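The next block holds one structure in the form of structure tokens; read it before the comments.
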Amino acid sequence: MQLAILVGSMTGTATSVAQAIQMDCADLVDTIALLPMDSLDPGVFDADADAPRLYLVCTSTFGSGDVPDNAQAFYASLDADPRYLGHVRYGVVALGDQSYGETFTGGGSRFDERLQDLGAKRIGEICRLDAASGLQPESEAVAWCRGWLPQALAAAA
């Protein structure tokens, strides 16, 4: 099974987190592909029986809980070209800063809500990474993913 990490990033932190997951979790799945959101459309979720996928949305938050610039067109396309995503199983790594209160990890939450609206099924809880925590987001995300992936693989089987 393939893990496709859909990356939305403004400053590069979400990209760094996705790369750490790709490197440190490669032993858990057949392949891990990093897919920057600026080149995506809803077709990324088209079912392929020969190469089943799990999806991991890894995105930062920008402004007032918005998705980052490179993810805005993809996020908008999920509304403009809605399709039923009942076959999609996914997880979310959401980056933010808890000092922003209600909009903390809003980018990831927006993707989660939209994907669920389209019928996709989230596996497990959202991994919420706080920039103000002083912890390394890469190591936090890898630890979360190493726990999430076996659960996700079992649910997708």
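Read-outs: derived from the displayed coordinates by stated rules, not from any lab. Because the structure is a prediction, the values reported are computed rather than measured. All Cβ positions, even for glycine, are placed from backbone atoms using ideal geometry, and neighbour counts span all protein chains on display.
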Three-way shape label, the stretch 78-157, alpha-carbon gyration tensor, a/c 1.5 = oblate
Would you order THR15, THR105, THR59, THR31 from fewest to most other beta-carbon atoms within 10 Å of each residue's own beta-carbon?
-> THR31, THR15, THR105, THR59
Full-stretch length increase - MET1, ALA26 - with 0.36 nm per residue and alpha-carbon distance subtracted = 7.9 nm
Which label belongs to the value computed from this structure, given these candidates for volume of the Cα convex hull per residue in Å³: [x] 98; [y] 133; [z] 170?
-> [x]
Please arrange MET23, MET37, MET1, MET10 by counting, for each residue, the other beta carbons lying within 10 Å of its beta carbon, fewest first.
-> MET23, MET1, MET10, MET37
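Might you report the magnitude of the Cβ-based charge dipole of the chain about its Cα centre, with Lys and Arg at +1 and Asp and Glu at -1, to the nearest 20 debye?
Details: 9 positive and 21 negative charges, 65 e Å.
In debye, rounded to 20, the chain gives about 320.
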Expected sort for CYS25, CYS58, CYS127 with the fewest Cβ neighbours (10 Å cutoff) up front is CYS25, CYS127, CYS58
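Can you compute the FRET efficiency between THR13 and ALA143 using 1/(1 + (r/R0)^6), with r the Cβ-Cβ distance and R0 = 25 Å? Round to the nearest 0.05. Walk me through the numbers before you get to the answer.
Values: r = 17 Å, r/R0 = 0.67.
Given R0 = 25 Å and the Cβ-Cβ separation, E is 0.90.
Only helical DSSP H runs with n ≥ 4 go in: add -39500 (n - 2.57) per run for the chain, normalise by residue count and round the 222 nm mean residue ellipticity to 500 deg cm²/dmol.
Numbers: 4 runs with 56 residues, N = 157.
It comes out at -11500 deg cm²/dmol, rounded to the nearest 500.
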For an R0 of 35 angstrom, estimate the FRET efficiency from the Cβ-Cβ distance between ALA33 and SER64 and round to the nearest 0.05.
-> 0.70
If you average the sequence gap of Cα pairs under 8 Å that are 6 or more apart and divide by the length of the chain, what percent do you get for the contact order?
-> 26 percent
Taking a ≥ b ≥ c as the square roots of the eigenvalues of the Cα gyration tensor, with a/c under 1.5 meaning rounded and otherwise prolate when a/b exceeds b/c and oblate if not, the stretch 1-87 is oblate
